Amino acid sequence: MGKITVETCEIEGLKIITPQVFGDNRGYFMETYNYNDFAEAGITEKFVQDNQSASKKGVLRGLHFQKEFPQDKLVRVVNGEVFDVAVDLREGSKTFGKWFGVLLSAENKKQFFIPKNFAHGFVVLSDYAEFCYKCTDFYHPNDEGGLLWNDPEIGVEWPIPEGMELTLSDKDQLWGGISAYVESKKQK
């Protein structure tokens, strides 16, 4: 399969992509995205926007999703290390409400493909991290949704070292849990 290795996860649709890295005494080279290689792996989505964020240790972003304009995402870390999480919000999915997490770092160069209708978030484990992701739809500021990062019903096992202080945005501290999300969907 081209220049990437693709691992499937226990939640259908999620994929971990590891690029082939060509290194020598000068450094390394890798393709971070090649449509043909990804298409061969079953990822044919058209990405329309690239985003990048920088965060310090202990920053937790998420769990976010777009409500009416859902996005597929291809995420990776170019500096530092994060624990990245996806929560299945696909109606009728046998894994609805389940989560999967993967360690992404500049060192392991792994990427994580997250299909539409998943909530997504990460916590920074290194002193500093730069996080990059491709999206298949544009950001719509009035379409944001989220789930509480530590909702016990979802039960994400964040690998937060003892003594590490978390930093969350105001809105990330106020999201409801998965039960509130399900209830809001019923009312529509």
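The values are calculated or read from the model by the stated rules, or taken from the named source; none is laboratory data. Predicted, not measured: the structure shown is a model, and the values here were computed from it. Using ideal geometry, Cβ is built from the backbone for each residue, glycine included, and neighbour counts are taken over all protein chains shown. Protein only, heavy atoms only, side chains kept; ligands, DNA and RNA dropped before computing areas. Shrake-Rupley method; radii C 1.70, N 1.55, O 1.52, S 1.80 Å.
At 1.4 Å probe size, with no ligands or nucleic acids counted, give the accessible surface of residue 32 in Å², nearest ten.
40 Å²
Where a ≥ b ≥ c are the square roots of the eigenvalues of the C-alpha gyration tensor, would you call the range 95-180 rounded, which needs a/c under 1.5, or, failing that, prolate if a/b is larger than b/c, or oblate?
Rounded, because the longest to shortest axis ratio a/c is under 1.5.
Using the Cα gyration tensor of the range 27-109, with a ≥ b ≥ c the square roots of its eigenvalues, what is the shape: rounded (a/c below 1.5), prolate (a/b larger than b/c) or oblate (neither)?
Verdict is oblate for the range 27-109.
Output the peptides 157-166, 65-74, 93-102 sorted from most to least packed, where packing is the average of other Cβ atoms within 10 Å over each peptide's residues.
Ranked from most to least packed, the peptides come out as 65-74, 93-102, 157-166.
Return the subset of 3/67; 94/171; 110/185 for which the Cα-Cα distance in this structure is over 31 Å, preserving the input order.
Result: 3/67; 110/185 exceed 31 Å.
Apply the Karplus curve 6.51 cos²θ - 1.76 cosθ + 1.60, θ = phi - 60°, to the phi angles in the range 23-39 and return the couplings in whole Hz, x for Gly and Pro.
Using θ = phi - 60°, the values come out as x, 8, 5, 8, x, 8, 9, 8, 8, 8, 7, 9, 3, 4, 5, 5, 4 Hz.
Take the alpha-carbon centre of the range 161-188, take the same for the range 77-112, and report the distance between them in whole Å.
So the two Cα centres are separated by 17 Å.
How much accessible area does residue 89 have with a 1.4 Å probe, in Å² rounded to the nearest 10?
Counting only protein heavy atoms, residue 89 exposes about 10 Å² to solvent.
Explain nothing, just the number: relative contact order of the range 30-188, from Cα pairs under 8 Å at least 6 residues apart, as a whole percent.
The value is 32 percent.
On average, how much accessible surface per residue is there in the chain, in Å², for a 1.4 Å probe, leaving out ligands, DNA and RNA?
Result: 54 Å² of accessible area for each residue.
Give a residue-ordered list of calculated ³J(HN,Hα) values for the range 50-65 (Karplus: 6.51 cos²θ - 1.76 cosθ + 1.60, θ = phi - 60°; whole Hz; x for Gly, Pro).
Whole-Hz 3J(HN,Hα) from phi for the range 50-65: 10, 10, 8, 10, 10, 8, 9, 3, x, 6, 10, 10, x, 9, 10, 7.
Taking amide H positions as placed 1.01 Å from N in the peptide plane, with prolines and chain starts having none, which residues 5 or more places from residue 110, or on another chain, fall under 5 Å of its amide H?
105
Round to a whole number: what % of the accessible area of the range 55-119 belongs to carbon and sulfur, probe 1.4 Å?
Carbon with sulfur: 47 percent of the solvent-accessible area.
With a point put 7 Å past each Cα toward its Cβ, work out how far residue 160 is from residue 20 in nm, to one decimal.
4.1 nm
Which whole-Hz ³J(HN,Hα) couplings does the range 153-160 yield from phi under the Karplus relation 6.51 cos²θ - 1.76 cosθ + 1.60, θ = phi - 60°, glycine and proline marked x?
The phi angles translate into 5, 7, x, 4, 9, 5, x, 8 Hz.
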